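The values are calculated or read from the model by the stated rules, or taken from the named source; none is laboratory data. Just so you know, these numbers come straight off a predicted model, no measurement behind them. What goes into the accessible areas is simple: the full protein's heavy atoms, side chains included, and nothing from ligands, DNA or RNA. Shrake-Rupley method; radii C 1.70, N 1.55, O 1.52, S 1.80 Å.
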Amino acid sequence: MRNLLRLCPLLLVATLLLGAEPAFAGKRVALVLANSAYQHAPSLANPVNDGAVMAKTLKEAGFDVVESRHDLSAQDTRRVLRDFADATRTADIAVVYYAGHGIEVEGSNYLIPVDARLERDTDVYDEALSLDRVLVAVEPAKQLRLVILDACRDNPFGKTMKRTIASRGIGRGLAQVEPTSPNTLIAYSAKAGFTAQDGDGANSPFTVALSKHLTTPGLDVRRAFGFVRDDVLKSTGNKQEPFVYGSLGGDDVPLVPVKAVAAAPAANPQADMRRDYELVLQVGNKPAWEAFLAQHPDGFYANLAKLQIDKIQAEQAHAAAIEKAKQAEAERDRLAALGAQKDAQAKAAADAKAAEQAQLAAQKAKEQAQQQAAAAEQQRVNLAASAPSTAPASTAGPAGTNVASLTPAATPADLSRSVQTELGRVGCFSGQADGNWTTSSQRSLSQFNRYAGTKLDVKVASTDALDTVKSKPSRVCPLVCEHGFKADGDKCTKIVCREGYAVNDDNECEKQRAAKPAKPATAKRDDGDERPARQRRQAGGAAAEAAGGYGAAAGIAAAGRRSGGGQVFCNSSGCRPVSRGCHLEYRGGGGPGNDANAEVCN
């Protein structure tokens, strides 16, 4: 701390001296390419409009060369890149902006001209232009090489393109890149592996944000893309996050320099405080902010510095609360495993519960402090852009109206809605993203923890949870389908079996067994004959015996059956029809002198 205080005045003087010099203003060249009218794929509505906006923005920013072309074939694109490479040989800053379709194959990115057919996956090497070819065109620039791609759209050739090798990977969006040349940045409209939106208006959300921030005078290009990211996340409901690959050195590299102004005879105190504040902002730790407040105890920038200290203290308190909660939980589990006395276990459980509540309170305080500091910093940047040498004079504390009344960067409801949206994207949340963190949302985040192997706190929607879920490029929670349906990407589709097959219990098509032939119909007994089966058999046997031994009796029985189809009574004397109004009853027995049936008359 003592060393920092000794060095701080020297650093502040150096900052003031450097700030008084005009920013770097070398030769700047730009190439704008936009493809909308694709000949063998659906046309895109916005790229040509986006290209016109970017060309106008760069011209108004004072670029020495702005070449704008649209709807180029592969041959014309190669010719334009070759000519632009000649212009970059004498340039300090070279920018290429491309809007249109792009594709990733085997980890390499390609820009698709309007005449590409891409009937096979290998055609991309002949009909498209690799990102490396674009990097070659900007490589001669001395200070900054910037390539901006608004090309992270769905692959329009994905459904028709034939795969020559089944294992050849064709990704979603563009693949991550790591520039090998120094002082090179590659900006994507959407993070690697994700797709970008065209938006509802004439221009894409990415291009709208670019035209707003990229050419702000004196604004470092990295910070400009940070503001672009924030605007696109907000306008797309956190569905699209721009990303920048590559790195630069420690010096600010603005695309547009600050106009040189005549040195005033006396220093502006507000300008001095602003420069001191921006210097300490780069250091970003608590001792640096305390040193700033010792030098500038009052005013607008002092209030901003106090908010930065509050944020750091809240983050430190949250980290300490997490560690204390872990220790209390470990002590509770240890006593439970050792079988300690119930009083000791109850005390440990209470301590763990209290530590958990303190952790939640610290997390909320941290998020609130982060939101207030971010809102105040955004206001400072806006004021600096509109009037760099001035700032509102204020002696109010952080709780005053000048700072604390700023609207937070994101309300708790917005944060909950963002987490719900991201959980839905990775397949863990099926409800409506309404911003209400209910038990359903908590179960969804718990399910994410299970399949992602994380230990996020499910009781509240936090920025940590949002960042963790957003880092997953694809589905995390498995898709569960009902019987008779199968997972097809992010949807359940009905299983259709070929003829002769049906879906079995394992949700697989199984061949159906042939149906057994039906048994032939048998003659039914006369329902009018209510005698027991044994009685009917004996009656029949007696009739047959009579027919065999007594010809006349058999004739009588046959005549009786022919005449009325009624019952026939037989004994040793012969057979005769049963009298009208009478019927036979089975009495058992049977044999010589013992009739099995008896004629009963009502």
- Task: Kindly report, to the nearest 10 Å², the accessible surface of residue 229 as traced by a 1.4 Å probe over protein heavy atoms only.
- Result: 80
- If the cut-off is a Cα-Cα distance under 16 Å, which aspartates and glutamates reach residue 455, setting aside same-chain residues fewer than 8 apart in sequence? 323, 329, 356, 464, 467
- Message: Using 0.36 nm times the number of residues separating residue 464 and residue 80, minus their current alpha carbon distance, what extension gain do you get?
- Response: 133.7 nm
- Item | Table column - 3J(HN,Hα) (Hz), the range 234-249, Karplus curve with 6.51, -1.76, 1.60, x for Gly and Pro | 5, 6, 9, x, 6, 8, 10, 10, x, 8, 10, 10, x, 8, 10, x
- Query: What Kirkwood hydrodynamic radius, in Å, does the range 58-134 give when the mean of 1/r is taken over all pairs of distinct Cα atoms and then inverted?
  - Reply: 13.8
- Message: For a quick check: with amide H placed at 1.01 Å from N, whose amide H comes under 5 Å from residue 66's, ignoring anything fewer than 5 positions away on the same chain?
- Response: 30
- Note on the structure: In the range 199-354 the accessible area split gives carbon plus sulfur, as whole percent at 1.4 Å, a share of 53
- Query: With the Cα gyration tensor of the range 178-334 giving a ≥ b ≥ c as the square roots of its eigenvalues, does the rule (a/c under 1.5 for rounded; else a/b larger than b/c for prolate; else oblate) give rounded, prolate or oblate?
  - Reply: oblate
- Message: With every atom except the alpha carbons ignored, what do you get for Rg and Dmax of the range 86-195, in angstroms?
- Response: 14.5, 46
- Item | Violating pairs (Cα-Cα greater than 22 angstrom) within the set 56/191; 59/234; 212/472; 326/470; 306/366 | 56/191; 59/234; 212/472; 326/470
- Task: Report relative contact order for the range 56-192 in percent, whole number only (criteria: Cα-Cα under 8 Å, sequence separation at least 6).
- Result: 29
- Query: With the radius of gyration and the Kirkwood radius both derived from the Cα set of the range 187-258, what is their ratio Rg to Rh?
  - Reply: 0.99
